[in-house]
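S.K.: Submitted below is the structure of interest, expressed as structure tokens.
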Amino acid sequence: GENVEQHPSTLSVQEGDSAVIKCTYSDSASNYFPWYKQELGKRPQLIIDIRSNVGEKKDQRIAVTLNKTAKHFSLHITETQPEDSAVYFCAASIGNFNKFYFGSGTKLNVKP
Amino acid sequence: NAGVMQNPRHLVRRRGQEARLRCSPMKGHSHVYWYRQLPEEGLKFMVYLQKENIIDESGMPKERFSAEFPKEGPSILRIQQVVRGDSAAYFCASSPDLTPNTEAFFGQGTRLTVV
């Protein structure tokens, strides 16, 4: 089955700096890649997603890039703010349904 | 349109008891997914259901765990004879009928503690 690996496990940045989280996947049939943000004790919330027919997608301070050949995708957060502090999960799914394979998570700490 | 509703939010069970977790998907969603999250870990897929059908249960333990999504009412994840290792957060997610491979909306989760 699909295997998604995520790095780093923790990331500490200064407010205003950029943060980059990277994920790799194993199954070339994966075609949908969402990123979720989870605050302590809360539900995961989608922040951005990308499909396999697109190489890059941006939404304000958040962007995601996908390299299908290398089977990796990355989350980029610019101008980080303290409220960006949370755990971020990447995921991949195959086919038409939302059976997600999640990465192990990155705990992002944005220092004021 | 209410979001995905899960109850209870917190559930404490003694070893050997049964746990029943409920999930009501968003209106217009007939695809339901259950995930388990152990402390400090990512979410692991358990089961995918549509109304009255189990589509994929490849992530469900073979024993003690079962899931259903009846024609009327919420989806139920049932854990029989709970053990300490079942302590985790259980999240359900739902997605729309016509575009199931799209944003999945997660519920607030049920945090199960087995004592």
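The values are calculated or read from the model by the stated rules, or taken from the named source; none is laboratory data. Bear in mind that the values here come from a model prediction, so they are computed numbers and not experimental data. Every residue, glycine as well, gets a Cβ built from its backbone with ideal geometry; the counts of neighbours run over all protein chains shown. Ligands, DNA and RNA are stripped out before the accessible areas are found, and what is left, the full protein with its side chains, is counted by its heavy atoms. Shrake-Rupley method; radii C 1.70, N 1.55, O 1.52, S 1.80 Å.
S.K.: Among the candidates A:VAL20, A:VAL4, which residue alone is open to solvent by 10 Å² or more (accessible area, probe 1.4 Å), within 14 Å of another protein chain (Cβ to nearest Cβ), modelled with pLDDT of 95 or more and in contact with a strand residue (DSSP E or B) (Cβ under 8 Å, 6 or more places away or on another chain)?
M.R.: Numbers: A:VAL20 fails: within 14 Å of another protein chain (Cβ to nearest Cβ).
Answer to the selection: A:VAL4.
S.K.: Restricting to segment A:55-64, name every residue that is open to solvent by less than 60 Å² (accessible area, probe 1.4 Å) and more than 19 Å from A:GLY16 (Cα to Cα).
M.R.: A:GLY55 - this is the single residue of segment A:55-64 that is open to solvent by less than 60 Å² (accessible area, probe 1.4 Å) and more than 19 Å from A:GLY16 (Cα to Cα).
S.K.: I'd like to know if segment B:69-77 contains one or more residues that are within 14 Å of chain A (Cβ to nearest Cβ), open to solvent by 40 Å² or more (accessible area, probe 1.4 Å) and not charged (D, E, K, R).
M.R.: Checking segment B:69-77: not a single residue is within 14 Å of chain A (Cβ to nearest Cβ), open to solvent by 40 Å² or more (accessible area, probe 1.4 Å) and not charged (D, E, K, R).
S.K.: Further question: For residues that are over 13 Å from the mean Cα position of the chain (by Cα) and within 12 Å of A:SER74 (Cβ to Cβ), tally how many sit in segment A:4-22.
M.R.: The total comes to 1.
S.K.: While we're looking at this one, here's another question. Do you know which of the residues in segment B:30-50 that are within 10 Å of another protein chain (Cβ to nearest Cβ) and not in a strand (DSSP E or B) is most open to solvent (accessible area, probe 1.4 Å)?
M.R.: Among them, the one singled out is B:GLU40.
S.K.: Can I ask one more? Every residue in segment B:64-77 that is among the charged types (D, E, K, R) and either at pLDDT below 95 or closer than 28 Å to A:ILE50 by Cβ (or both), please.
M.R.: First, the residues of segment B:64-77 that are among the charged types (D, E, K, R): B:64, B:68, B:71-72.
Of everything in segment B:64-77, those that are among the charged types (D, E, K, R) and either at pLDDT below 95 or closer than 28 Å to A:ILE50 by Cβ (or both) turn out to be B:LYS71, B:GLU72.
S.K.: Restricting to segment A:65-94, what's the tally of residues that are more than 11 Å from chain B (Cβ to nearest Cβ), farther than 11 Å from A:CYS23 by Cα and not small (Gly, Ala, Ser)?
M.R.: 11
S.K.: Being open to solvent by 40 Å² or more (accessible area, probe 1.4 Å), within 12 Å of another protein chain (Cβ to nearest Cβ) and within 25 Å of B:VAL32 (Cβ to Cβ) is true for just one of A:PHE33, A:PHE97. Which residue is that? Even if it seems obvious, please write down each step before you answer.
M.R.: Values: A:PHE33 fails: open to solvent by 40 Å² or more (accessible area, probe 1.4 Å).
Sole residue among the options that is open to solvent by 40 Å² or more (accessible area, probe 1.4 Å), within 12 Å of another protein chain (Cβ to nearest Cβ) and within 25 Å of B:VAL32 (Cβ to Cβ): A:PHE97.
S.K.: Among the strands (runs of 3 or more DSSP E) lying completely within segment B:58-109, list those that include at least 1 residues that are without any contact (Cβ under 8 Å) to a residue 40 or more places away in the chain and closer than 15 Å to B:ALA19 by Cα. Working first, answer last.
M.R.: Working: elements: B:65-68, B:75-79, B:88-96.
Output list reads B:65-68.
S.K.: Return the residues of segment B:78-105 that are modelled with pLDDT of 95 or more, more than 13 Å from the chain's Cα centre (by Cα) and either within 14 Å of another protein chain (Cβ to nearest Cβ) or at positive phi (or both); say none if nothing qualifies.
M.R.: Correct list: B:GLN81 only.
S.K.: Taking B:ASN53 and the conditions (1) open to solvent by less than 70 Å² (accessible area, probe 1.4 Å); (2) within 13 Å of chain A (Cβ to nearest Cβ), which numbered condition does it fall short on, given that it satisfies the others?
M.R.: Unmet condition: (1).
S.K.: Another question, if that's okay. Tell me which residues, restricted to segment A:1-38, are charged (D, E, K, R) and farther than 18 Å from A:ASN53 by Cβ.
M.R.: First, pick out the residues of segment A:1-38 that are charged (D, E, K, R): A:2, A:5, A:15, A:17, A:22, A:27, A:37.
Answer for segment A:1-38, where residues must be charged (D, E, K, R) and farther than 18 Å from A:ASN53 by Cβ: A:GLU2, A:GLU5, A:GLU15, A:ASP17, A:LYS22, A:LYS37.
S.K.: Which members of segment A:100-111 meet the condition of being in a strand (DSSP E or B) and within 14 Å of chain B (Cβ to nearest Cβ)?
M.R.: Within segment A:100-111, the subset in a strand (DSSP E or B) is A:100-102, A:106-111.
The answer is A:PHE100, A:TYR101, A:PHE102, A:THR106, A:LYS107.
S.K.: Report, by residue number, each residue of segment A:36-51 that is open to solvent by 50 Å² or more (accessible area, probe 1.4 Å) and either within 11 Å of chain B (Cβ to nearest Cβ) or more than 25 Å from B:MET46 (Cα to Cα) (or both).
M.R.: If we filter segment A:36-51 for residues that are open to solvent by 50 Å² or more (accessible area, probe 1.4 Å), which is where we start, we get A:39-40, A:42-43, A:45, A:51.
Within segment A:36-51, A:LYS42, A:ARG43, A:GLN45, A:ARG51 meet the criteria.
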